[in-house]
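What follows is a single structure, written as structure tokens, with notes after it.
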Amino acid sequence: MMFIKSILCLAAAVRSLALPANIPAFPDAAIDSGLALKTLNSLAVAEAFKQFGRGCSASKVKFRREWRSIPKPQRREFIAAVKCVQSKPSILPPGEVPGAKSLYDDFVWAHARRSGLVHMSATFLLFHRYFLFAYEEALEQCGWHGGLPYWEWGLDVDGPHKSPVFDGSDTSLGSDGTFVPNRQPQVLPLPGFTEPVILPPGTGGGCVIKGPFSDLLVRLGPFPPDPDRFLPVEPVEGRGDNPRCLVRDLNADPLRRWSTFRNVTELILGYDNIRDFQGELEGDPRVTTQPMGCHGGGHSGIGGYGNDPVISPNDPAFWLTHGQLDRVYWIWQMLDFKNRQDVFGTGTYLNVPPSSNMTAEDTIDVLPHAGPEKLKNLMNSVGGKPFCYIYV
Ligand SMILES: *[C@@H]1O[C@H](CO)[C@@H](O)[C@H](O)[C@H]1NC(C)=O
Ligand SMILES: *[C@@H]1O[C@H](CO)[C@@H](O)[C@H](O)[C@H]1NC(C)=O
Ligand SMILES: [Cu+2]
């Protein structure tokens, strides 16, 4: 209650500011320390409190918090809820995806089956926003009412293996993978860029063996790309049961290169239209000369399955890195809310195969978890029907 009050005070204090013209010019030190991003988050909260609609209100809004700001007993409750989703049976039609044994596997499939449509396309940010929401609802059914947590990358650029998110304690999402020595750098050829991205090996590389999810059985995938696309759509191969451990390879290098406080703050302040903002955030070769973006940095910071564009939701940390990404998008939107309500691009990965331009009137779904919804209804996190959350 105190917390809500202080947010409301803050909202009152900044109400007089016209956004985004009055965003303070931040000193370098504030950008590098994360203070600037924190301030932008506060401005976004203030704006969100003016944008409540259709049943979403200050008393109902869900607070999505950074992992470290969730008290440890609640972190344990969150982990228990994730395990509950992992223990519930699949809701897919019997036999359709034989490897999907649990409701959690269904989420992995929901992402995999659409991966060729919802990356490097108009729906990237909003599909993932809706996807996170569907998962948050499943956690709710499993007794977690605290809002989906997020992972602030900027706090862990000195080593995600030391982070409370990944330290292997019972209040973490499990440890790093076991260290696999003598590995070569990973060479990632990214479509549309002439030079591949080269990543040094991380601090893991093997199975997660300590803490929550050390006993997790990953089942789905790998899914091969379709012959005419970069990523699959409704793949047939890979649906079978392929039980294996969770592989992780935590890595500070990509976090330092693409996902620092500075990278995220400059992204939010540097672009005023969705094409450029989304293109930089995702490293879209049609928009930017910089591959990866903060999205890629976050995934590669987790490494292992978390760095696979198709099956990354197999790692329970997926939801926290994408929570952070949605937070970045959310802050950007809230800094100029009425002008940041559109989508840009087509409905296929790098427009291969070619597809139509999409508009906010188009619909997406997150089957089997959430039905079709117009993109315009997914723009406002506090618009009610379906969303009612903010990041704090
Ligand atoms: C990201 O920020 C770091 C400093 O925080 C900087 O060294 C790096 O060049 C930035 N990356 C990009 C792609 O701008
Ligand atoms: C799709 O959008 C692009 C970029 O704005 C534009 O150049 C193109 O003409 C559009 N295509 C159609 C069919 O409207
Ligand atoms: Cu992602």
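The values are calculated or read from the model by the stated rules, or taken from the named source; none is laboratory data. Quick caveat: nothing in here was measured; it's all calculated off a predicted structure. Note that each Cβ is placed from the backbone with ideal geometry, even for glycine, and that neighbours are counted across all protein chains shown. Heads up: the accessible areas ignore ligands, DNA and RNA and are worked out on the full protein's heavy atoms, side chains in. Shrake-Rupley method; radii C 1.70, N 1.55, O 1.52, S 1.80 Å.
Below, the figures for the structure above:
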| quantity | calculated |
| --- | --- |
| Cα gyration tensor shape of the chain, rounded if a/c is under 1.5, else prolate or oblate by comparing a/b with b/c | rounded |
| Beta bridge orientation in segment 2-391: antiparallel %, DSSP, nearest 5 | 75 percent |
| Ordering of 62-70, 149-157 by packing [mean C-beta count within 10 Å, highest first] | 149-157, 62-70 |
| Net charge of neighbours whose Cβ lies under 12 Å from the Cβ of His128, counting Lys and Arg as +1 and Asp and Glu as -1 | +1 |
| Burial ranking of peptide ranges 87-94, 176-183 (average Cβ count within 10 Å, highest at the top) | 176-183, 87-94 |
| Global form of segment 120-255, assessed from the alpha-carbon gyration tensor, a/c cut-off 1.5 | rounded |
| Rounded to the nearest 20 debye, dipole of segment 2-391 from Cβ charges on Lys, Arg, Asp, Glu | 1100 debye |
| Ordering of 336-344, 245-253 by burial proxy (mean other Cβ atoms within 10 Å per residue, highest first) | 245-253, 336-344 |
| For Arg64, distant residues with modelled amide H under 5 Å away | Ile390, Tyr391, Val392 |
| Carbon + sulfur, % of accessible area of segment 335-392 - ligands and nucleic acids excluded, 1.4 Å | 53 percent |
| Residue-normalised accessible area of segment 233-290, expressed per residue, 1.4 Å probe, Å² | 42 Å² |
| Around Thr359: net Lys/Arg minus Asp/Glu count, Cβ-Cβ under 13 Å | -1 |
| Relative contact order (%) - criterion: Cα under 8 Å, at least six apart; region: segment 2-391 | 24 percent |
| Options Ile274, Thr178, Pro164, ranked by Cα towards positive dipole end of segment 157-281, top entry (Cβ charges) | Thr178 |
| Cleavage-rule hits (GluC sites (Glu not before Pro)) in segment 273-369: DSSP loop, at most 16 neighbouring Cβ within 10 angstrom | Glu361 |
